[in-house]
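The values are calculated or read from the model by the stated rules, or taken from the named source; none is laboratory data. If you're wondering where the values come from, they're calculated on a predicted model, not measured in any experiment. As a convention, Cβ positions derive from the backbone with ideal geometry for all residues, glycine included, and neighbour counts pool all protein chains shown. To get the accessible areas, we keep the full protein, side chains included, count just its heavy atoms, and leave off ligands, DNA and RNA. Shrake-Rupley method; radii C 1.70, N 1.55, O 1.52, S 1.80 Å.
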Amino acid sequence: MTRNIFRHALFATTAVVIFSCFAPPAARAQADVKVNGFYSTNKAQQGRSVEAAVVLDIPAGFHVNANRVTNKFSIPTTLKIEAPGGVRVSPAAFPRGKVQKLSFSNEPLSLYEGRPVLRFNVTFPANFQTGVAELRAKVRYQACNNEVCYPPTTREITMPISVVAASEPVKRINTQVFGRRK
């Protein structure tokens, strides 16, 4: 088993180096993974929590490693959130990876394909200043297809939201990510 893991890691590393050095520039481009941030409401109320999510849109034919990888050589998908002082951010909840055996690996790998949603909650203190607050989300992932893995990438996005008084009403939005419940 350790021998297979070592062989997978050696193959992946060699493939990335060879691909990076000898592939034509157009082929060296990363898979076009889109990264977007969403909130469950149109505004955040002081002293309350709001659901948030970072969504990856992975093109067909590609995947990224899940957050919980099956071996020590796979690079997990991670999410780090930077928030203004006083704002609390819960740890991200990652979806379960799809376990799959690929042609270059002797053992199954845990992967994300399609549109994985990384969820977390954001709580603004009761005394947080009203106005626009901005979170920064950093997603690190390694995109691969069934033949090659690209170098790991970190994508950073900003997630602005208006913070309003606790008494001001908010409206549920982005139901395609969060569902319709209030």
- [ ] Note down all Cβ pairs under 9 Å where the first residue falls in region 98-116 and is in a strand (DSSP E or B), the second is open to solvent by 30 Å² or more (accessible area, probe 1.4 Å) and hydroxyl-bearing (Ser, Thr, Tyr), and they're at least six residues apart or on different chains.
- [x] 99/70; 109/70; 110/70
Task: Near pairs, Cβ below 9 angstrom, 6+ apart or cross-chain, from region 52-71 (closer than 28 Å to residue 173 by Cβ and among the charged types (D, E, K, R)) to any residue that is part of a strand (DSSP E or B) and modelled with pLDDT of 95 or more - done: 57/34; 57/35; 57/36
TODO: Scan 88, 28 and give me the residue that is open to solvent by 20 Å² or more (accessible area, probe 1.4 Å) and modelled with pLDDT under 95.
DONE: 28
Open item on the list: Checking the condition farther than 17 Å from residue 56 by Cβ, open to solvent by 20 Å² or more (accessible area, probe 1.4 Å) and not in a loop (DSSP other than H, G, I, E, B), which residue from 170, 132, 163 passes?
Closed with: 132
Task: Hits in region 83-116 - residues which are under 14 Å from the mean Cα position of the chain (by Cα) and either under 18 Å from residue 158 (Cα atoms) or of a type outside the set (A, V, I, L, M, F, W, C) (or both) - done: 91, 92, 95, 96, 97, 112, 113, 114, 115, 116
TODO: Check off (1) closer than 15 Å to residue 143 by Cβ; (2) of a type in the set (Lys, Arg); (3) surrounded by 17 or more Cβ atoms within 10 Å (Cβ to Cβ) for residue 115 and give me the number that stays unchecked.
DONE: (3)
Open item on the list: For region 80-132, give me each residue that is in contact with a strand residue (DSSP E or B) (Cβ under 7 Å, 6 or more places away or on another chain) and hydroxyl-bearing (Ser, Thr, Tyr).
Closed with: 90, 110, 112, 123, 130
Task: Candidates 52, 83 - the one that is in contact with a Leu (Cβ under 6 Å, 6 or more places away or on another chain), modelled with pLDDT of 95 or more and open to solvent by less than 50 Å² (accessible area, probe 1.4 Å) - done: 83
Open item on the list: Out of 58, 5, I need the residue that is within 28 Å of residue 101 (Cα to Cα), of a type in the set (Val, Ile, Thr) and at pLDDT below 90. Which one?
Closed with: 5
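Examine region 17-24 for a residue that is modelled with pLDDT of 95 or more and open to solvent by less than 40 Å² (accessible area, probe 1.4 Å), and state whether such a residue exists.
Within region 17-24 (the criterion being modelled with pLDDT of 95 or more and open to solvent by less than 40 Å² (accessible area, probe 1.4 Å)), the answer is no, since none of the residues qualifies.
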Task: Subset tally (residues that are at pLDDT below 95 and either closer than 13 Å to residue 118 by Cα or of a type in the set (Gly, Ala, Ser) (or both)) for region 69-80 - done: 1
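Would you tally the residues in region 140-159 being part of a strand (DSSP E or B) and either within 16 Å of the chain's Cα centre (by Cα) or modelled with pLDDT of 95 or more (or both)? Full working, then the answer.
Filtering region 140-159 down to residues part of a strand (DSSP E or B) leaves 140-141, 143-144, 149, 153-159.
Then drop every residue that is not either within 16 Å of the chain's Cα centre (by Cα) or modelled with pLDDT of 95 or more (or both), which leaves 140-141, 143-144, 153-159.
Count: 11.
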